[in-house]
1. Does region 29-80 hold any residues that are surrounded by 14 or more Cβ atoms within 10 Å (Cβ to Cβ) and among the small types (Gly, Ala, Ser), and which are they?
2. What are the pairs, 6+ residues apart or on separate chains, where a residue within region 98-110 that is closer than 10 Å to Leu140 by Cα and without any contact (Cβ under 8 Å) to a residue 60 or more places away in the chain has its Cβ under 9 Å from a residue that is outside any helix (DSSP H, G or I) and small (Gly, Ala, Ser)?
3. Out of curiosity, is His119 out of contact with any Lys or Arg (no Cβ under 6 Å at 6 or more places or on another chain), assigned to a loop (DSSP other than H, G, I, E, B) and either in contact (Cβ under 8 Å) with a residue 12 or more places away in the chain or more than 26 Å from Thr145 (Cα to Cα) (or both)?
4. For region 4-53, give me the residue count where each residue is within 22 Å of Ile110 (Cα to Cα), part of a helix (DSSP H, G or I) and polar (S, T, N, Q).
Amino acid sequence: MKIPHVNLVPWSESNLDLLRKINAPEMMEHLGGSETEAQLLIRHQRYLEIGGKGSGRMYSIILLPDNETVGSIGYWDSKWEEESIYEMGWSVLPTYQGRGIATAAVLEAIANANMEKKHKYIHAFPSIHNPASNAVCQKLGFQLTSDCEFEYPPGNFMQCNDWRLGLDL
């Protein structure tokens, strides 16, 4: 399969509608369910501020050449097993899934994280019940280190796979 061309654009005020689309029940099935409007507004604000704090980046995924906004991706500072890491996550809207867009976006995000020279590893923690996200990690050479219990969102525990990829320090 040919990997599509994507552009990652820093999160902006205009992405609130995208966040509402991502919050649909079918999109949040593996992430503890949909959030309330108040929770979404808090998340949106956090996404707007993350880049300026130097603690990661959030992006909208733009499919080229048509400049369609098709999802979100980001990475942020986290601690895992006493180690400072980047954690990453992504969402692609249902009508665009299965085209390799997530793979292309993860590659771009990894390249951006590499340029920051901040952490040795980037981890992704997809639900063990999310075959598409687990396949992206495997396809891109992440190492499956273990399955684990992960709290997301706060108060919701789920079984995840811990995928780790070394960054160029």
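Just so it is clear, none of the values below were taken in a lab; they were calculated from the coordinates. On a predicted model such as this, the values are computed, not experimentally measured, just so you know. Backbone-built Cβ (ideal geometry, glycine too); neighbour counts: all protein chains shown.
1. Gly32, Ser34, Gly51, Ser55, Gly56, Ser60, Gly71, Ser72, Gly74, Ser78
2. Once the first residue is closer than 10 Å to Leu140 by Cα and without any contact (Cβ under 8 Å) to a residue 60 or more places away in the chain and sits in region 98-110, its partners that are outside any helix (DSSP H, G or I) and small (Gly, Ala, Ser) give Val106/Ala124.
3. For His119, the condition - out of contact with any Lys or Arg (no Cβ under 6 Å at 6 or more places or on another chain), assigned to a loop (DSSP other than H, G, I, E, B) and either in contact (Cβ under 8 Å) with a residue 12 or more places away in the chain or more than 26 Å from Thr145 (Cα to Cα) (or both) - is met.
4. Matching residues across region 4-53 total 1.
So that you can scan it fast, the table gives a plain yes or no per residue for (1) within 19 Å of Ser34 (Cα to Cα); (2) hydroxyl-bearing (Ser, Thr, Tyr); (3) in a helix (DSSP H, G or I):
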position	(1), (2), (3)
Ile85	no, no, no
Trp90	yes, no, no
Arg99	no, no, no
Val106	no, no, yes
Ala109	no, no, yes
Gln138	no, no, yes
Asp147	no, no, no
Gly155	yes, no, no
Asn161	no, no, no
